[in-house]
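Below is one structure, written out as structure tokens, with a few remarks after it.
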Amino acid sequence: MKNTNLKKCFTASLLGIIALGGYAQVNYVEPPIMGWSSWNTYRVNINEELIKKQADAMISQGLDKVGYHFINIDDGFFGFRDEKGILHTHPQRFPNGMKGIADYIHSLGLKAGIYSEAGANTCGSLWDGDKNGVGVGLYGFEHQDANLFFNEWGFDFIKIDYCGAGQQLDLEEQERYTEIVNAIREVCPRNISLNICRWAYPGTWVSSLAHSWRISGDINPSWESVKYIIDKNLYLSAFAGNGHYNDMDMLEIGRGLKPEEEETHFGMWCIMSSPLLIGCDLTAIPASSLQLLKNKELIALNQDLLGLQAYVVQHEHGGYVLVKDIEEKRGTIRAVALYNPTEETCSFRVPLSVLELEGTTRIRDLVKQKDERSVTDFIQFDVLPHGTKILRVEGERRMEPTRYEAEQAYLNQFDDLAKRKRGIAFMPFETASGGMTITNLGGHKDNYAQWNEVFSEQGGPYQMTVQYIPAEKKEREISDRRLEVTVNGNMTVVDKLETDRSKGVAQTTFTVNLQKGYNVIRIGSRFSWSPDLDCFTLTPVK
Ligand code: GLA
């Protein structure tokens, strides 16, 4: 690989201020954090010696050299809150206090992370019988604890959980996390890396508050768990970006998964730009797992300065093809995953056009770190059950995209908390393209789907075909379904829609005008529901 991190940083600072190609300002961002966290192996049973040993091993195993810099202390360090409200560390486990351990971590050239809870009682107090976790959360002590964690103790990262807050106090997520983050910002002038842990994608508000946020329940070292989390993240790429990431939880590499499962786990966390927090005992990590965690070419996908999350472009025979730009927006180099979650070998056949590439295309297997034969038409590989090929693909030319999936869109009102009645959601539909649609679109001006980077090389008129799933008018609905399609602010309304669902996917075609470069297309319906949406295609009018 020709691109070293150093070279990239240099290029980034140069290019960050230059507009390229007349399209969009190049915007390089802070990558996801990399490091180690205590939870997966030790749960609440942590102490000063243990954390120091892991920090030492981070260095002796050479992990810091490839980018792992955070040592994150999860639940288990709490002592008690005294009658003045001051938080104390567990006196036996951390005899030199948290400043002592943070100083030690910093003395190694590493960064230190800490953990707290949005409510009063920690997850450990609810699930791990940690009596010290009662009353030690941030609830009512936001400024005071922020001052302690960041100014007095010197931590650089915080993960804020939601056990006491959700299960005992029933607080409202957005409001509660806003209060906490405001307090941290008021108290601490440094840039603290902030992680929100709500066990589901919490809503689009989260990216203005946190650098990363959990999208799933806790990981465990099993294939089912890895697969469940990848599934949760397949359609969330539009909610990440600009230095803010979907957190797939800490890594279970080195904890007994099969080799191909470890490759899928690490490869998918890399290409989906999740934070990379190792969760095993670093002093006893198997050689093959360590080698995988140190694979610089995979890490480069995760730390790529465009900061993008790969999205699904093909779903066939149970396998998924995901792709993202790396190094340059809309360039000729892309990262591709061929992900096989099934129990059978999956034969992938991916036309280059699906990847928006053409011409002689070079392929490199980033797990094996080996070049494959170049192709001119399609990429073909057999992938083992639970396995994934992660490829760097370099074409001769980049093609204009023609298809935009509903499940790739930014859904303004989406969350995965299932709190809203008829909330917008992803809905499988077998004959839809990619097998996926979005449902409960419209009904309000803010409940739309939006594609922010619809690209046109020349600009001009296009035939736009919207594919949707017909919906019959229900008795209690006051109006029929509508599609309001807004292209750069200009709206086309389609209200003559198919209503016979038995016909399967239906379509409607009209002409729109695109400008050269990026366009914003929004679909919704302000005063009635839209039908379930599959995708749209764009064909230039000659
Ligand atoms: C929750 C989080 C975990 C971990 C524990 C600590 O379960 O999701 O990652 O932090 O709490 O108790």
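Observations
- The single residue among 38, 125 that is within 16 Å of the ligand (Cβ to nearest atom), touching a helix residue (DSSP H, G or I) at 6+ places or on another chain (Cβ under 7 Å) and either more than 17 Å from residue 149 (Cβ to Cβ) or β-branched (Val, Ile, Thr) (or both) turns out to be 125.
- Inside region 174-228, residues that are closer than 20 Å to residue 239 by Cα and without any contact (Cβ under 8 Å) to a residue 60 or more places away in the chain make up a count of 20.
- Residue 499 being farther than 14 Å from residue 539 by Cα and at pLDDT below 95: yes
- Residue match in region 171-179 (condition: over 28 Å from residue 276 (Cα atoms), assigned to a loop (DSSP other than H, G, I, E, B) and open to solvent by 20 Å² or more (accessible area, probe 1.4 Å)): yes
- Meets criteria (within 16 Å of the ligand (Cβ to nearest atom), among the aromatic types (Phe, Trp, Tyr), modelled with pLDDT of 95 or more and assigned by TED's automatic domain parsing to the domain that holds residue 144) for residue 115: yes
- Considering region 470-537, the qualifying strands (runs of 3 or more DSSP E), each wholly inside and each with 2 or more residues that are assigned by TED's automatic domain parsing to the domain that holds residue 410 and in contact with an Asp or Glu (Cβ under 7 Å, 6 or more places away or on another chain), run over 490-494, 517-524.
- Options 463, 458, 413, 369; residue that is in contact with a helix residue (DSSP H, G or I) (Cβ under 9 Å, 6 or more places away or on another chain), in the same structural domain as residue 489 (by TED's automatic domain parsing) and in contact (Cβ under 8 Å) with a residue 60 or more places away in the chain: 413
- Filter result (within 21 Å of residue 218 (Cα to Cα) and open to solvent by 10 Å² or more (accessible area, probe 1.4 Å)) within region 98-130: 120, 121, 123, 125, 126, 127, 128, 129, 130
- Search result, residues across region 189-208 that are surrounded by fewer than 16 Cβ atoms within 10 Å (Cβ to Cβ) and not in a helix (DSSP H, G or I): 189, 190, 191
- Here region 41-78 is the region considered, the condition is being within 15 Å of the ligand (Cβ to nearest atom) and among the charged types (D, E, K, R), and the residue that is surrounded by the fewest Cβ atoms within 10 Å (Cβ to Cβ) is 43.
- Residues that are more than 16 Å from the ligand (Cβ to nearest atom) and of a type in the set (A, V, I, L, M, F, W, C) were ranked within region 217-251; the one that is nearest to residue 312 (Cα to Cα) is 234.
- Residue check, residue 104 within 16 Å of the ligand (Cβ to nearest atom), assigned by TED's automatic domain parsing to the domain that holds residue 39 and not acidic (Asp, Glu): no
- Subset tally (residues that are part of a strand (DSSP E or B) and open to solvent by 10 Å² or more (accessible area, probe 1.4 Å)) for region 326-347: 2
- Selection of region 209-226 for residues being within 15 Å of the chain's Cα centre (by Cα), surrounded by fewer than 22 Cβ atoms within 10 Å (Cβ to Cβ) and among the polar types (S, T, N, Q) yields only 216.
- Qualifying residue in region 152-165 (condition: open to solvent by 10 Å² or more (accessible area, probe 1.4 Å), touching a Phe, Trp or Tyr at 6+ places or on another chain (Cβ under 9 Å) and more than 16 Å from the ligand (Cβ to nearest atom)): yes
The values are calculated or read from the model by the stated rules, or taken from the named source; none is laboratory data. Just so we're clear, the structure is a prediction, and the values are computed from it rather than from any experiment. Glycine gets a Cβ as well: all are built from the backbone with ideal geometry, and neighbour counts include every protein chain shown. In case anyone asks, the SASA skips ligands and DNA or RNA and just uses the protein heavy atoms, side chains included. Shrake-Rupley method; radii C 1.70, N 1.55, O 1.52, S 1.80 Å.
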